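Since the structure comes first, as structure tokens, the remarks are kept for the end.
The values are calculated or read from the model by the stated rules, or taken from the named source; none is laboratory data. Quantities reported herein were computed from a predicted structural model and do not represent experimental measurements. Neighbour counts are summed over all protein chains in view; Cβ atoms, including those assigned to glycine, are modelled from backbone coordinates with ideal geometry. All accessible areas refer to the heavy atoms of the entire protein, side chains included, with ligands and DNA or RNA removed. Shrake-Rupley method; radii C 1.70, N 1.55, O 1.52, S 1.80 Å.
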Amino acid sequence: SPYERATSKANGDAVSNNTRWPISPPSYASASSDECPPSSESSSLALVLGQQNLETAYQNDVSIDSAQQEMAPPMNTQALKSTTGDDTEKTYEIQSLGGTPTVLRQHRDSLPSMFERFLEQQSQNPEDATAKCGIIFMSRASPLTFALEEAQGGNNTINAALHDAGSHSPKGDSAKTIEVDVHPSHLSSEDISYFKAKGAFERPQSDVSDAMVAAFVERFYPLYSIVDLNAFEESFKAGNLPWILFHSVCFVGATFCDLSVIHRAGFKGRWHARHHFYDKAKLLFDIGYETNKIVLLQSVLMLSFWGPQMKSYWNPCSWVGFGVTIAESLGIYRINTSTYMDTKRRSLLKRLFWALALRDAYCAALLGRPFRLNIAQCDTEPLTLEDFDHDEQCSNQDHGKCLLHGHYQIQVSKLSLILRKIVEAQFGPSKNTTQAIHLRNLMDTWQSELPRTVVGGSSKLQQQTSLR
């Protein structure tokens with residue numbers, strides 16, 4: 001290091017018994033060597049740092065009598081720069097008494113300034129750096145968001161890049177048919193061979209897959225509208241539906257489709273068909289084939305209906321836990337995560353969040369496991385009918401039926417919040433009569449506020465779409 005290459009002459013000039021040494025390693029914040037050329041004091045500072053180890057210096061530092069420090073006259077301040085082997089300079093401040101260095105303190109750059117320098121080193125264009133480095137910021141959680149906005153210079157073209165959820169939204173002009181031999185570049189050839197050996201890239205015959213997807217749309221989607229239905233159907237027809245999403249949909253579709261479809265596909269029964277598609281989707285999830293977080297969250301929500309098999313760590317609650325992790329990385333638990341998205345995509349994220357919150361509450365209540373989602377730290381807006389008014393089928397078919405599906409999911413999401421309070425009251429630290437009365441009042445209020453369409457059509461909807 002430059003410290004070890006210091007000369008013996010500088011050794012005699014710089015060593016002082018009154019010197020205080022920093023007890024933490026130098027910061028990685030740096031300035032260009034062209035802007036800060038090395039000075040003669042650099043060699044002296046390098047020698048001092050090389051001659052004394054931190055432990056001895058710390059002992060010398062703490063042994064100074066505090067009374068002497070209080071009586072000491074004002075110190076002069078002098079800035080020194082230390083040059084490292086990679087032409088990166090670090091700035092220190094020497095406070096001295098009578099020309100003798102007594103206090104050594106390192107200047108640390110702020111996080112925004114460090115980040116701005118990082119962008120400059122990566123690219124002259126902040127937009128290119130953002131795309132290249134894969135920067136992820138969640139709402140107002142990171143102070144570096146300010147630095148990136150400053151680097152943009154008022155350009156709003158990459159504001160969406162600040163929000164990871166937007167970068168994972170599908171783009172309409174990027175659709176293309178998924179080719180069997182074209183796979184993500186981050187996977188090795190051994191991984192791809194393993195996927196092929198397990199049949200992860202195989203589809204059932206077209207009439208079988210059509211029937212399973214139709215069952216998903218007719219029976220599951222009205223309860224859990226976790227996909228953009230128009231884009232989903234277009235992708236399925238074009239053959240570019242992500243593999244993990246395709247197998248997850250078939251897993252759900254095998255639950256509802258006619259039994260003749262199961263037999264025509266060569267399965268002994270419904271359980272065997274569900275197990276077949278579940279294993280394929282889980283394999284793709286385990287090895288990390290899919291990187292789109294929205295697709296992963298959609299798939300995880302569907303796979304949470306496998307089981308329960310609570311003796312295994314792969315159970316509905318564990319899938320919900322993965323869903324919570326993905327949702328947190330997307331930032332959809334915050335109200336302003338999707339600020340720069342259009343209304344349609346923002347509604348999809350809200351539906352995904354509340355579907356996850358609903359599954360979390362149900363699994364905790366039915367299976368006796370703790371909640372995975374800390375709803376107290378979430379401020380996502382409640383669902384409204386506008387979040388379900390984006391499907392073209394609603395304008396072409398019975399609009400009242402679409403409204404019923406929206407009302408149902410809105411009311412069930414509200415009910416899930418009450419269910420959480422009931423579970424917490426049951427297993428919480430205190431139980432009293434007042435709490436039970438309060439929960440009863442919450443239930444009565446929820447029921448009294450139900451829309452007439454839900455009261456009259458809920459039983460029919462449950463018969464048509466109930467999960468078996």
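Going by the conditions given, is LYS282 assigned to a loop (DSSP other than H, G, I, E, B) and among the basic types (Lys, Arg)? Can you show your working first?
Working: assigned to a loop (DSSP other than H, G, I, E, B): no; among the basic types (Lys, Arg): yes.
Taking the combined requirement at face value, the residue does not satisfy it.
I'd like to verify a number: residues in region 179-208 that are part of a loop (DSSP other than H, G, I, E, B), under 23 Å from CYS250 (Cα atoms) and open to solvent by 90 Å² or more (accessible area, probe 1.4 Å), how many?
Qualifying residue count for the region: 6.
So which residues in region 262-276 are without any contact (Cβ under 8 Å) to a residue 60 or more places away in the chain and either open to solvent by 10 Å² or more (accessible area, probe 1.4 Å) or within 22 Å of VAL182 (Cβ to Cβ) (or both), if there are any at all?
Scanning region 262-276 gives HIS263, ARG264, GLY266, PHE267, LYS268, GLY269, ARG270, TRP271, HIS272, ARG274, HIS275, HIS276.
Which condition does GLN309 not pass, out of (1) open to solvent by 20 Å² or more (accessible area, probe 1.4 Å); (2) touching a residue at least 24 places away in the same chain (Cβ under 8 Å), if it passes all the others?
Here GLN309 clears every test but (2).
Among the residues of region 409-430, what is the count of those that are of a type in the set (D, E, K, R) and exposed (fewer than 11 other Cβ atoms within 10 Å of the Cβ)? Before the answer, list the steps.
Within region 409-430, the first condition is being of a type in the set (D, E, K, R), and the residues that meet it are 414, 420-421, 424.
From the residues that got through so far, the ones that are exposed (fewer than 11 other Cβ atoms within 10 Å of the Cβ) too are none.
The number of residues fulfilling the criteria is 0.
Quick one: count up the residues across region 371-408 that are assigned to a loop (DSSP other than H, G, I, E, B), modelled with pLDDT of 80 or more, over 18 Å from the mean Cα position of the chain (by Cα) and acidic (Asp, Glu). Quick ask: steps written out before the conclusion?
Residues of region 371-408 assigned to a loop (DSSP other than H, G, I, E, B): 371-374, 378-384, 389-391, 397-398.
Within this subset, residues satisfying the condition of being modelled with pLDDT of 80 or more are 371-374, 378-384, 389.
Narrowing the set further to residues that are over 18 Å from the mean Cα position of the chain (by Cα) leaves 371, 381-384, 389.
Now restrict to residues that are acidic (Asp, Glu): 381, 389.
Matching residues across region 371-408 total 2.
Filtering region 222-236 down to residues that are more than 21 Å from LEU284 (Cα to Cα), touching a residue at least 40 places away in the same chain (Cβ under 8 Å) and not polar (S, T, N, Q), which residue is most open to solvent (accessible area, probe 1.4 Å)? Walk me through it before giving the result.
The initial filter retains those residues of region 222-236 that are more than 21 Å from LEU284 (Cα to Cα), namely 222-225, 228-231, 233-234.
If we keep only those that are touching a residue at least 40 places away in the same chain (Cβ under 8 Å) as well, we get 222-225, 228-231, 234.
Add one more test, that the residue is not polar (S, T, N, Q), and what stays is 222-224, 228-229, 231, 234.
Details: PRO222: 6, LEU223: 20, TYR224: 20, ASP228: 40, LEU229: 4, ALA231: 37, GLU234: 120 Å².
Here the answer is GLU234.
Mind listing just one residue for me: the one in region 295-319 that is of a type in the set (Ser, Thr, Tyr) and not in a loop (DSSP other than H, G, I, E, B) and, of those, farthest from GLY368 (Cα to Cα)? If you could, list the steps in order and put the result at the bottom.
The initial filter retains those residues of region 295-319 that are of a type in the set (Ser, Thr, Tyr), namely 299, 304, 312-313, 318.
Pick out the ones that are also not in a loop (DSSP other than H, G, I, E, B) and you get 299, 318.
Working: SER299: 24, SER318: 13 Å.
Going through the qualifying residues, I end up with SER299.
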